[in-house]
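Novice: Before we start, here is the structure in question, set down as structure tokens.
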Amino acid sequence: MRQDFSYPHAARIVLLALIAGALAPALLRAADAAGAPGALPSAEQIVERNVQARGGPAAWRKVQAMQFTGQMDAGGKVPTALPIVMDLKRPNKSRVELQFQGKTAVQVFDGSAGWKLRPFLGREDAEPFTVAEIKVAAAQSGLDGPLMDYAAQGTQVALDGVEQIEGQDAYRLKLTTRAGAVSRVWIDASSFLELKIDGAPRVVDGRLRHVETYFRDYRNVDGLMVPFVVETAVEGVKQRHRMSFAQVQLNPPLKDALFARGALGASATVVR
């Protein structure tokens, strides 16, 4: 069972000539704050406010690792919540443990290679990531998210429009990486926190499907704003994957060995 965590820019000012209906008061307030009455803030201004709303770059750079502990809704005829632990460590290491049917499924990525252990499918030995899975894992933005230090990464950002996401007015930003990959991020017009991002597409029933990840229930964790609910929706798939975290720890003592092939063992025994 694979999850994308995604806990999702040469800036230019884009003026929207017409917005259908009445312009939301939140957008007008944001425009005024940006110093251009009646106009929307630029992509650069939106990104700057997003970074500050999340806690600021200096605070995020002090974080070398994070651990999320909670549960994932697995759906089914009888709703089931599975215990989950997600570890992230710089520069791009990740580990996910999921308790299922009395066994522990694990997925690890050490920054260049990854492995998965899926005992609930009868696969008791660690299997290497596919080429596609490595590509997806390597493209993740890690602890900081896709907007922080975007220019240094060679990414361009443009304001692509304004729309509502689950009742919230949001700025839609278009991100284009140095390699030409395009994705979108939706920023709440009031809080300037991420509401939604494009996820890595998945193949379902032989067809490449669009993926979206939603972020909710932001809480202050030692000065940083962190979403405690993350939900992933795949085009054409009714069941969504919703993760609800009870605890988020900053800088837990995570050894590099936890993200290596050897941390999975030769069977379903997980080493921590």
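Throughout, read-outs are computed from the coordinates displayed, never taken from laboratory work. In this text the structure is predicted, and so the values were computed from the model without any measurement. Glycine also receives a Cβ, built like all others from the backbone with ideal geometry; neighbour counts cover every protein chain displayed.
Novice: Report the calculated FRET efficiency for residue 62 and residue 229 (r = Cβ-Cβ distance, R0 = 22 Å), to the nearest 0.05.
Specialist: Result of the calculation: an efficiency of 0.35.
Novice: Only loop residues by DSSP count here, and only those with at most 16 other Cβ atoms within 10 Å; note down the trypsin sites (Lys or Arg not before Pro) in the stretch 74-111 that meet that. Before the final figure, lay out the partial values.
Specialist: Working: sites: 77, 89, 93, 95, 103; in loops: 77.
When the trypsin sites (Lys or Arg not before Pro) of the stretch 74-111 are filtered for loop state and at most 16 Cβ neighbours within 10 Å, 77 remain.
Novice: Continuing with this model, one more query. Where a Cα-Cα gap under 20 Å defines reach, which aspartates and glutamates qualify for residue 238, not counting those fewer than 8 residues away within the same chain?
Specialist: 4, 73, 166, 198, 205, 212
Novice: For residue 174, which lysines qualify as cross-link partners when the Cα separation must be under 25 Å and same-chain residues fewer than eight apart are set aside?
Specialist: Result set, ordered by chain and number: 135, 196.
Novice: Hey, another quick one. Enumerate the aspartates and glutamates that residue 255 could reach by cross-link, defined here as Cα to Cα under 17 Å, with residues fewer than 8 away along the same chain left out.
Specialist: Once the sequence-local aspartates and glutamates are set aside, what remains near residue 255 is 87, 97, 110.
Novice: Given the Cα-Cα distance of residue 151 and residue 208 and 0.36 nm per residue of separation, how much length would full extension add, in nm? Please list the in-between numbers first.
Specialist: Values: separation 57, 0.36 × 57 = 20.52 nm, distance 2.95 nm.
17.6 nm is the gain from fully extending residue 151 to residue 208.
Novice: Give the whole-number value, in cubic angstrom per residue, of the convex hull volume spanned by the C-alpha atoms of the stretch 25-253.
Specialist: On the way: hull volume 33.8 nm³, N = 229.
Spread over its residues, the Cα hull of the stretch 25-253 gives 147 Å³ apiece.
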